[in-house]
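Scroll down for the structure; my scribbles are underneath it.
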Amino acid sequence: MKNEPALTFRSSRLAARLAALEVELLAFITPYPSDLHGLPHLREVSLLAGFLADAEGQDVERAMVAGFLHDCERRDDGADPRHGERSATKACLLAPRLFPYLDAAAIARAIKLHAGGITTQDDPDAVLWDADRLTLVRLGYRVDPRRLSTSCAKRLVKVGAVDVLREHAAAAVQGV
Ligand SMILES: [Fe+2]
Ligand SMILES: [Fe+2]
């Protein structure tokens, strides 16, 4: 059963998970050096994906790993149309090794297609794609609820809570 989105952010719990998975993953990836698509973005999408996964009854750690890796092979701040594919390939290598208890295939699939702009009924994909799209304001785009897949993300937009959630995520990252 899916919960209504909480307008609070359980920052300490998700931030602790983020800190732990960062230690594992940053030994193997080099985020693109950018505030738009680099480490700050990977951290934010990881936290937001964890938040959405929690609200949607999905695997929180799987969502956070997918969030952290989704842009890990970006090479520029432009369209970089193959970055989803490259990042998925990296996830296929790292996830089974570092997190063998997670569904690596689901992580890789969500990452591979995250930049396509489509919506989905597949829960692991939906959580990642929505987490990424909730941050589109940083690129100067409005978040379009028609491009969101989860009920939680749609409600966050409807009640105008995305900025507040992102502020909480930013505050949580300060402690990572
Ligand atoms: Fe991306
Ligand atoms: Fe992204």
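Throughout, read-outs are computed from the coordinates displayed, never taken from laboratory work. Predicted model, so just to flag it, every value in this text is computed and none were measured. Please note: Cβ atoms are built from the backbone with ideal geometry, for glycine as well, and neighbour counts cover all protein chains shown.
How would V157, V23 line up from fewest to most surrounding beta-carbon atoms within 10 angstrom?
V23, V157
Please identify the helices of the chain, taking whole runs of DSSP H, that span at least 24 Å along their own axis as judged from the Cα atoms and have a mean Kyte-Doolittle score of -1.0 or higher.
Answer set is 39-56.
Sorting V164, V173 on the 10 Å Cβ count, fewest up front, what's the list?
Ranked by crowding around the Cβ, least crowded first: V164, V173.
For the range 1-148, what Kirkwood radius comes out of the mean inverse Cα-Cα distance, in Å? Walk me through the numbers on the way to the answer.
Working: mean 1/r = 0.0666 Å⁻¹.
So the Kirkwood estimate lands at 15.0 Å.
Using the count of nearby Cβ atoms within 10 Å as a rough guide to exposure, how do R97, R74, R109 rank from fewest to most?
Numbers: R97 10, R74 23, R109 19.
So the residues, fewest neighbours to most, are R97, R109, R74.
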